[in-house]
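To start, the structure itself, in structure tokens.
What follows is calculated from the coordinates using simple rules that are stated; it is not laboratory data. What you see is a predicted model, and the numbers here were worked out from it, not measured in a lab. Cβ sites come from the backbone with ideal geometry, for glycine too, and all protein chains shown count toward neighbours.
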Ligand code: NAP
């Protein structure tokens, strides 16, 4: 039986979250408190530059203070540690994000562990990772937090659900699995060595794909009625592949011709329709939720650090 598949509107949920954050910022400002985010950008990776620009623009849109710290691609670990130490002690800064990836010469784990846990709005510090593991977290990685919030607002039942997460990165897969576990889902985590991946995925009531491989998840991975969350952000640059994935008459083909690429997820763009209950589109699904949750994490960090409690 053909199922009417519902697109999950990550953009709309992200707008709601941002509007709520902006409202709280207005309230804090009336008490002379302005939340502040510092973004640290090392080197000139064009994708990183675009991500940082968009995060800083969102801060401005929501009335948040922000600073971009730009450092050359030759920066050493010690020089970066000095900058982080400065931001750790800055009164105006509540959240510090170090845009990844860092250049090869930099000791990334040392840098992530140097950010004060109270200002670690990406949730990458080992203390915050440990708190996420035992369920006492206040700051956790933004992408999985955003996904959880979208599932909650879309009324998707997690308690007792079979959740399969494909991907076990520290940024998406692992924290996603922990968050779902805390919501009482039964969680399976898959990776590149998982045997019979389609069969394992077919168990899922909720399938999260965070792999980085265009259209890895096809119809044979999907149980009828599954909710599919596609975290992947992959570029397809070939017109032939775009036609194969989206259909020859899709506007995506024009996009690849004119822009040189189109964005795809880890889930085949057409296969879930008619099988899944709901699916996130790419783009416009998970991406906007990540930035919205970065803003929310910064607000949370601000309120905790400046001991702001709700008026009762
Ligand atoms: P990552 O660190 O490269 O991790 C990828 C994971 O996928 C790894 O655990 C890997 O397994 C697994 N994997 C690779 N090939 C596989 C296969 N054929 N079958 C099963 N598992 C496989 O990537 P990430 O940082 O988690 O990001 C994943 C995707 O999400 C990327 O496309 C990224 O651009 C996107 N992303 C989007 C957002 C957003 O805001 N929309 C945010 C973050 C990431 P092993 O561990 O065995 O190597």
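At-a-glance table
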{"quantity": "In degrees, nearest ten, helix 287-305 long axis to first principal axis of the chain (Cα)", "calculated": "30"}
{"quantity": "Histogram of C-alpha separations across segment 141-289, 10 Å bin width, %", "calculated": "12, 43, 33, 11, 1"}
{"quantity": "Sequence of 131, 259 once ranked by neighbouring C-beta atoms within 10 Å, starting from the fewest", "calculated": "259, 131"}
{"quantity": "q = 0.10, 0.15, 0.17, 0.20 Å⁻¹, segment 19-171: log10 I(q)/I(0) [Debye, one scatterer per Cα]", "calculated": "-0.41, -0.91, -1.13, -1.41"}
{"quantity": "Scaled radius of gyration (Cα, divided by 2.2 N^0.38 Å) that segment 239-286 gives", "calculated": "1.16"}
{"quantity": "Calculated log₁₀ intensity ratio I(q)/I(0) where the Debye formula runs over C-alpha points of segment 84-200, q = 0.17 Å⁻¹", "calculated": "-0.91"}
{"quantity": "Residues 64, 295, 233, sorted so that the one with the fewest Cβ neighbours within 10 Å comes first", "calculated": "233, 64, 295"}
{"quantity": "Kirkwood Rh, angstrom, the chain [1 / mean 1/r, Cα pairs]", "calculated": "20.5"}
{"quantity": "Directionally averaged projected area (convex hull, Cα atoms, segment 204-261), nm²", "calculated": "4.4"}
{"quantity": "Segment 92-117 residues near the modelled residue 308 label - backbone nitrogen below 17 Å, point 7 Å along Cα→Cβ", "calculated": "92-96"}
{"quantity": "P(r) of segment 33-121 over all Cα-Cα pairs, binned every 5 Å from zero, in whole percent", "calculated": "3, 14, 27, 25, 20, 9, 2, 0"}
{"quantity": "Residues 1, 150, sorted so that the one with the fewest Cβ neighbours within 10 Å comes first", "calculated": "1, 150"}
{"quantity": "Helix-only CD estimate at 222 nm, as mean residue ellipticity for the chain, using -39500 (n - 2.57) per DSSP H run (n ≥ 4)", "calculated": "-13000 deg cm²/dmol"}
